[in-house]
Amino acid sequence: MKPLLGITLKVLSALAFTVMSAGIKHVSADYPTGEIVFFRSAFAIVPLIAWLAWRGDLVNSVRTSNVGGHLLRGIISSCGMFAGFVALAYLPLSDAVAIGYASPLMVVVLAALILNEKVRAYRWSAVAIGFVGVLIMLMPHLSGGALAAGLAGGPAVGAMFALLGAVCSAGATIQVRRLLATERTGAIVLYFSLMTTVLGLATIVLGWRVPTEGEFALLVVIGILGGIGQILLTQSYRYADASLVAPFEYTTMIWAFLLGWFFFGQAPQQVVVTGAAIVAAAGLFVLWREHRLGLARAKDVETHSQRPA
């Protein structure tokens, strides 16, 4: 029953984040990216603090022994958030989501380079195939005509920012792995939200637009959805193994297709769907391989522990 609950929470978190992205896309043409980042981050703190207080974990979440680590994670994640929001302004919702699937593949590369994790031929092969899928997704946005139009702001710009967002997301994941050695999950999420709020607010000097009542409500909902999505995501890994839950991240493509079609009249190009399928397959293989290696390591530890001293 618990694994099913974990999967359900993961799917709901994917839905919350995708609806949030649709809201961001809706307001991106009228509001500066920094202003959207502020609302997304500031109002995400509201459900987060309520959840931590309900768990009786609010005080522990404020405590930290690694301020520098939180700052680094915040900078990387903020860059990724800014890049991702710019991508949503220029790309169909489903395309922006699909290009983001490159992030788990980049995590493998960064884990090998930064964390010195041992990555064997199977996973390197999956990563290489996955990057072929990324190139396929980028092709229609980086063709001659699209690239020329992109110099003035268009799909090419959106594709590049989507890819930059995926790189930053992978970097943030690596930094979170480091922080988990000493920090609680609540603290990691809270300090990230606080930092992106401050960085978003700093852009007010560049000029913000005063929202109407309806648009203000939408911006608030965007932030609350971000906070709820983060809580659901965190809880999903509490009830089921990461190897079981993580593949359901790809349900975002279903939600992105439906929302993009009904609200923006945009359908993903066939070549993007093909590339996304290749990237998703590669990502699923990486998850399966990591799960198998985790089982092998656990068995090896158990075998060693049972040997006589």
Applying the selection to the stretch 201-212, what residues are assigned to a helix (DSSP H, G or I) and modelled with pLDDT under 95? Leu206
Pull up the stretch 125-137, narrow it to residues that are open to solvent by 10 Å² or more (accessible area, probe 1.4 Å) and in contact (Cβ under 8 Å) with a residue 12 or more places away in the chain, then point me to the one that is farthest from Val97 (Cα to Cα). Ile129
Filter the stretch 174-183 down to the residues that are in a helix (DSSP H, G or I) and open to solvent by 50 Å² or more (accessible area, probe 1.4 Å), then identify the one that is modelled with the highest pLDDT. Arg178
When every residue in the stretch 184-216 that is open to solvent by 50 Å² or more (accessible area, probe 1.4 Å) and either without any contact (Cβ under 8 Å) to a residue 40 or more places away in the chain or acidic (Asp, Glu) (or both) is compared, the one nearest to Arg63 (Cα to Cα) is Val198
Among helices (runs of 4 or more DSSP H) entirely within the stretch 1-63, at least 3 residues that are in contact with a helix residue (DSSP H, G or I) (Cβ under 6 Å, 6 or more places away or on another chain) and among the hydrophobic types (A, V, I, L, M, F, W, C) occur in 2-27, 33-42, 45-55
Scanning for something touching a Cys at 6+ places or on another chain (Cβ under 6 Å) and open to solvent by less than 20 Å² (accessible area, probe 1.4 Å), does the stretch 60-82 turn up at least one residue? yes
On the basis of being of a type outside the set (Asp, Glu), over 16 Å from Gly186 (Cα atoms) and either modelled with pLDDT of 90 or more or buried (at least 22 other Cβ atoms within 10 Å of the Cβ) (or both), does Ser13 make the cut? yes
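Results for (1) part of a helix (DSSP H, G or I); (2) more than 15 Å from the chain's Cα centre (by Cα); (3) over 15 Å from Ser41 (Cα atoms); (4) at pLDDT 95 or above, shown as yes or no for each residue.
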{"residue": "Leu219", "(1), (2), (3), (4)": "yes, yes, no, yes"}
{"residue": "Leu232", "(1), (2), (3), (4)": "yes, no, yes, no"}
{"residue": "Ser243", "(1), (2), (3), (4)": "yes, yes, yes, no"}
{"residue": "Ala246", "(1), (2), (3), (4)": "yes, no, yes, no"}
Scanning the stretch 114-144 for residues that are assigned to a helix (DSSP H, G or I) and either closer than 15 Å to Ala172 by Cβ or among the β-branched types (Val, Ile, Thr) (or both) gives Ile114, Val127, Ile129, Val132, Val134, Ile136
Can you name every residue in the stretch 225-253 that is of a type in the set (Val, Ile, Thr), closer than 21 Å to Ala53 by Cβ and open to solvent by less than 60 Å² (accessible area, probe 1.4 Å)? Ile231, Thr234
Could you check the stretch 38-59 and list, in sequence order, the residues that are open to solvent by 60 Å² or more (accessible area, probe 1.4 Å) and among the aromatic types (Phe, Trp, Tyr)? Trp54
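The values are calculated or read from the model by the stated rules, or taken from the named source; none is laboratory data. These figures come from a predicted structure and were not determined experimentally. In this analysis, Cβ positions are derived from the backbone assuming ideal geometry, glycine residues included, and neighbour counts consider all displayed protein chains. Surface accessibility is based on the protein's heavy atoms, side chains included, excluding ligands, DNA and RNA. Shrake-Rupley method; radii C 1.70, N 1.55, O 1.52, S 1.80 Å.
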